[in-house]
Amino acid sequence: MNPSPDDLAIIEEQAADWLLLLEEQQLPISNSQHYPTQLQDWLAQSELHRDIFQKMQQLWQVTTQLDTDYVEQQLAQIPPAIDMIKRTEKRSRTSYYALAAAFFLLSFSIFINVEQPSNKTVTVANNSPAMTDVQNQFFRTTINEHLTFTLDDNSRVDLGANSQLAVRYSNSSRELTLYQGEALFSVAKDKQRPFIVRHQQSQVEALGTVFNVRAHPTSIRVDVLEGTVSLAQQQTIKLTQGQAAQITQTGTIIRSKAQGENLTMDWQQGRLVYQNARLGDVLDDIARYSELKITLGSQKLSQFTYNGTLLTSEIDSWLHTLDKIYPITVTQEGKKFTLAAN
C-alpha cells in the first residue's frame, strides 16, 4: 500500500527534525554509528523512513553549496503550510537555509548526488546498460575555476566560474537547472529526449546544438554557436546560429549577436564581452572571477549601460577605468572597491 501525501509529509518533517537535532548536537550526519538510539529505532521502523532520511540527508549536504539569494527566491514559492520550515527559521541561519532548500528540492523530487569538481574534466558514467531510473548530478565551480564534463548521453558541458548546475536525466527527458553562473552546452542529438536548461522562470530547449547560458539574478542570456534553440519565458522566441538574446524577469527581450567563435565562448579565453549590458550584470559576472568586493553607492549605478571587453585577469585595473566612462568616483581599500556617483 502506497503512503498518502499526508503520511509522506509527516515522515519528511520527522526526518528533518532528526537532521536538525544532529546538527545542533554537532553529531556527524553521515555516520550512523553516532546516531542517538531513538533515531536508529525510527530508521528501523520502515524502509520508507530510511529512504526519506537518506534523500533529505543528501539534499541537506547539497544545499549548503547553493547560493542563499537563489534559495530565498525559491522559498517565496513554497506554500506556508510547510510549518517545519517556519519553525526552523528561529534556529541558526545555516540550518534554516539547508532545511528550507532541502524541502524545496524534495517538493520537486530532485534527488541530487554531489559531484565534487576535483578534476578539470569529468565523465559521468552510467553503470547500468539500460537507464530506467532518474539520474541526477550536481556540479559547482569556485571563483575563477572552470570545469568540463561529459554527461551520460555524450553531451558536453563547460561550466564557468562560480557556477552551480543540477542535471536530471530520465528515459523521457534531459533537464538541467543553472542556479547561477554560466555554462556552454554541446548537446548530443536525441529526438526522444528534449534537452532543456532552466533558470528561474526561463527555459532553453535544444536538439543537437551548441549554446551558452549566462544566469544573472534578474535575467538570462543565451548565445547560440550552432543549431537552433527555443528560449521561453512569458513568450517563446527562436534563436539560430550567431544570434543571442537576453530576457529579464519582466519579460523584456534584448537581441544581439552571439559571442565567441569556432564553438568556443569568449569567457573560456579569459575575456568578458558586453553589448549594451547593465553595469550591474557586468559586476555580477566579474564577482565570479575575483575575490574583490564591490559596493555601489547607489543602485542607480547598476542601470548604467556598458559596452566593451574586459580581461578576467585584470579586473582591478578595469575597475579603475570606470570613472573615465561614467560620472562616478572609484575608491579602493585593499580588496574593497566602492563606486559612488559624483
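Observations on the structure shown:
- Sole exception among (1) modelled with pLDDT of 85 or more; (2) surrounded by fewer than 20 Cβ atoms within 10 Å (Cβ to Cβ); (3) within 17 Å of Leu176 (Cβ to Cβ) for Thr228, by number: (3)
- Checked against (1) of a type in the set (Val, Ile, Thr); (2) touching a helix residue (DSSP H, G or I) at 6+ places or on another chain (Cβ under 7 Å); (3) surrounded by fewer than 16 Cβ atoms within 10 Å (Cβ to Cβ), Thr295 passes all but a single condition, namely (2).
- Residues in the range 189-206 that are in contact with a Ser or Thr (Cβ under 8 Å, 6 or more places away or on another chain) and either closer than 18 Å to Val222 by Cα or at pLDDT below 90 (or both): Gln192, Pro194, Phe195, Ile196, Val197, Arg198, His199, Val204, Glu205, Ala206.
- Out of Asn276, Asn342, one residue alone is within 17 Å of Ser219 (Cα to Cα) and in contact with a Ser or Thr (Cβ under 7 Å, 6 or more places away or on another chain). It is Asn276.
- Search result, residues across the range 149-181 that are open to solvent by less than 10 Å² (accessible area, probe 1.4 Å) and either assigned to a loop (DSSP other than H, G, I, E, B) or without any contact (Cβ under 8 Å) to a residue 12 or more places away in the chain (or both): Leu151, Ser155, Gly160, Ala161, Ser163
- Of residues in the range 262-292 being hydrophobic (A, V, I, L, M, F, W, C) and more than 22 Å from Ile247 (Cα to Cα), the one least open to solvent (accessible area, probe 1.4 Å): Leu292
- Residue in the range 239-246 that is open to solvent by 20 Å² or more (accessible area, probe 1.4 Å) and under 21 Å from the mean Cα position of the chain (by Cα) present: yes
- Enumeration of residues in the range 187-209 that are more than 21 Å from Asp285 (Cα to Cα), of a type in the set (A, V, I, L, M) and in contact (Cβ under 8 Å) with a residue 24 or more places away in the chain: Val187, Ala188, Ala206
- For the range 13-39, the candidate set comprises residues that are closer than 16 Å to Met56 by Cα and among the hydroxyl-bearing types (Ser, Thr, Tyr); within that set, the residue that is surrounded by the fewest Cβ atoms within 10 Å (Cβ to Cβ) is Ser30.
- Within the range 240-278, considering residues that are among the hydroxyl-bearing types (Ser, Thr, Tyr) and not in a strand (DSSP E or B), the one farthest from Asn212 (Cα to Cα): Thr250
- Total residues in the range 134-148 satisfying the condition of being open to solvent by 10 Å² or more (accessible area, probe 1.4 Å) and farther than 17 Å from Phe211 by Cα: the figure is 9.
- Unique residue being modelled with pLDDT of 90 or more and out of contact with any Asp or Glu (no Cβ under 6 Å at 6 or more places or on another chain) when the list is Gln241, Gln275, Gln269: Gln269
- When each of Thr312, Thr252 is tested for being in contact with a strand residue (DSSP E or B) (Cβ under 9 Å, 6 or more places away or on another chain), modelled with pLDDT of 90 or more and either surrounded by fewer than 18 Cβ atoms within 10 Å (Cβ to Cβ) or not charged (D, E, K, R) (or both), the lone residue that passes is Thr312.
- Leu184 vs. criteria open to solvent by 50 Å² or more (accessible area, probe 1.4 Å) and touching a residue at least 60 places away in the same chain (Cβ under 8 Å): no
- Scanning the range 188-200 for residues that are surrounded by fewer than 24 Cβ atoms within 10 Å (Cβ to Cβ) and in contact with a Gly (Cβ under 9 Å, 6 or more places away or on another chain) returns Ala188, Lys189, Asp190, Lys191.
The values are calculated or read from the model by the stated rules, or taken from the named source; none is laboratory data. What you are looking at is a predicted structure, and each value in this text was computed from that prediction instead of being measured. Using ideal geometry, Cβ is built from the backbone for each residue, glycine included, and neighbour counts are taken over all protein chains shown. SASA here: full protein model, heavy atoms, side chains in, ligands and nucleic acids out. Shrake-Rupley method; radii C 1.70, N 1.55, O 1.52, S 1.80 Å.
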